[in-house]
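The values are calculated or read from the model by the stated rules, or taken from the named source; none is laboratory data. In this text, all values refer to a predicted model and were calculated from it rather than measured experimentally. As a convention, Cβ positions derive from the backbone with ideal geometry for all residues, glycine included, and neighbour counts pool all protein chains shown. These accessible areas exclude ligands, DNA and RNA; they are computed on the full protein's heavy atoms, side chains included. Shrake-Rupley method; radii C 1.70, N 1.55, O 1.52, S 1.80 Å.
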Amino acid sequence: ELLWGFPPPFFGRNANTDGLGLDALGVIRNKDGSIPVDKWLETSIEGIYAAGDVLGAPALASTGIEQANAAVKRIFDYQTDVFPGTWMASSDSKDPESILASPLSYPVGIWTNPEVSFIGRTKERALDDGWKDVGEAVAPYSGTIRGRVQGLKTGLLKFVFEKPSGRILGVHILGEDACELIHYGTALAQSGKTVHDVLGTVFAAVTFHELFRNAALDAVRQLEEDMWSPLLDKWAGSEDQTIFDVDQVLAGLKTLGMAEDLWTEIKNTLEQFGDRDTDAPGKQLARPTIIQVLKKYRIPRAPAAVRIPDVSSAATPPGASQSLDTASPEAPPSGDGKKKAPFSFPWQ
């Protein structure tokens with residue numbers, strides 16, 4: 001379990017700015033030796049810029065390189081737009097405050113044994129930031145072909161995702177090559193992709209990228225389990241009904257376009273439960289019993305497919321970053337950042 005949030009409360013170093021003659025120049029320093037800068041990375045003295053570890057957190061080589069590039073561009077007045085094809089548009093501001101403003105700004109790799117890497121939010125951070133229903137999906141290394149070949153017992157990949165859209169809010173990896181694998185996770189999280197998008201990708205075998213597919217499968221399974229309960233409400237015409245007639249459920253499955261063999265399998269299972277369900281008599285079953293049976297099956301996608309909400313339509317709440325692309329991966333799924341838009345099925 002990763003116990004820290006974002007940014008992680010450790011950096012491994014302090015800004016080593018003693019002996020540089022900064023005080024004589026009038027360059028202001030913080031108590032810890034770090035140098036405060038504006039959004040252009042200019043210090044308190046005009047014409048003097050700073051970048052990298054001397055600025056303090058996040059004090060990573062990757063962000064230091066980005067800061068140095070931004071400072072040089074500013075010095076020579078060479079400003080460029082975001083390159084076409086980048087996943088998440090951003091401003092040229094690379095100062096610590098701007099970089100640390102979003103957990104999607106950059107991935108973190110920790111070269112321990114096993115390796116640890118992450119991008120984006122934890123479930124707790126996502127809830128704090130305004131998402132109302134958040135899930136976690138896990139894929140162990142031992143569940144991949146390569147993991148079994150290598151006999152790996154340790155390691156996992158976790159998706160943090162919004163329900164019911166499936167938008168990926170965070171990716172966390174513990175295990176071999178975690179610091180390499182996180183870059184695909186970065187692309188997914190920064191571009192606002194969903195777990196359904198991941199399942200549309202064919203991954204080469206035998207690779208650890210199968211972890212992403214397996215985690216997406218776990219997430220979709222959870223999402224579809226969640227969808228069965230609203231379907232029961234739709235068939236009953238009420239959210240309060242706790243006892244269902246088996247024929248009522250079977251008729252509802254027909255309207256979904258459930259394959260005949262699966263429909264028959266579900267029918268037989270429901271009838272078997274009906275003989276021993278103590279909560280309901282005869283061919284009537286309690287809601288938990290029905291959900292227990294149905295959650296093992298995928299909701300048919302055609303002809304009456306369950307609509308996946310369009311994550312690209314989510315508005316950016318007041319005060320949120322406006323520097324992102326139209327997918328708005330930073331924005332909770334409603335305009336005010338507090339109330340989630342109601343999920344609906346296509347027949348509603």
Simple SL model, points at 7 angstrom along Cα→Cβ for Lys296 and Glu180; separation in nm is 3.9
Judged on accessible area alone, 1.4 Å probe, highest first, Thr264, Thr186, Thr242 line up as Thr242, Thr264, Thr186
Taking placed amide H atoms and a strict 5 Å upper bound, the residues 5 or more places from Asp133 or on another chain that come that close are Lys163
A chain fully extended from Thr242 to Ser93 at 0.36 nm per residue, minus the present Cα-Cα distance, gains in nm 48.1 nm
On the formula 1/(1 + (r/R0)^6), with r taken between the Cβ atoms of Lys123 and Ser62 and R0 of 35 Å, the FRET efficiency rounded to 0.05 is 0.90
The set of residues whose placed amide H lies less than 5 Å from the amide H of Asp177, leaving out same-chain residues fewer than 5 positions away, is Glu115
Given backbone amide H placed at 1.01 Å from N, residues whose amide H is under 5 Å from that of Lys193, ignoring those fewer than 5 places away on the same chain, are Ile168
When all Cα-Cα pair distances of segment 166-216 are considered, the percent exceeding 14 Å is 48
Residue span Ala24 to Glu225: 0.36 nm per residue of separation minus Cα-Cα distance leaves a gain in nm of 65.8 nm
Place a point 7 Å from the Cα of Ala286 in the direction of its beta carbon; the residues of segment 222-252 whose amide N falls under 13 Å from it are 242-244
Residue separation between Glu260 and Ile110 times 0.36 nm, minus their alpha-carbon distance, gives in nm 48.9 nm
For Glu46 and Val138, extending 7 Å from Cα along the Cα-Cβ vector and measuring point to point gives, in nm, a value of 5.8
In order over segment 185-199: 3J(HN,Hα) from phi, Karplus 6.51/-1.76/1.60, θ = phi - 60°, whole Hz, x for each Gly or Pro, gives x, 4, 4, 5, 5, 5, 8, x, 6, 10, 5, 5, 4, 4, 5
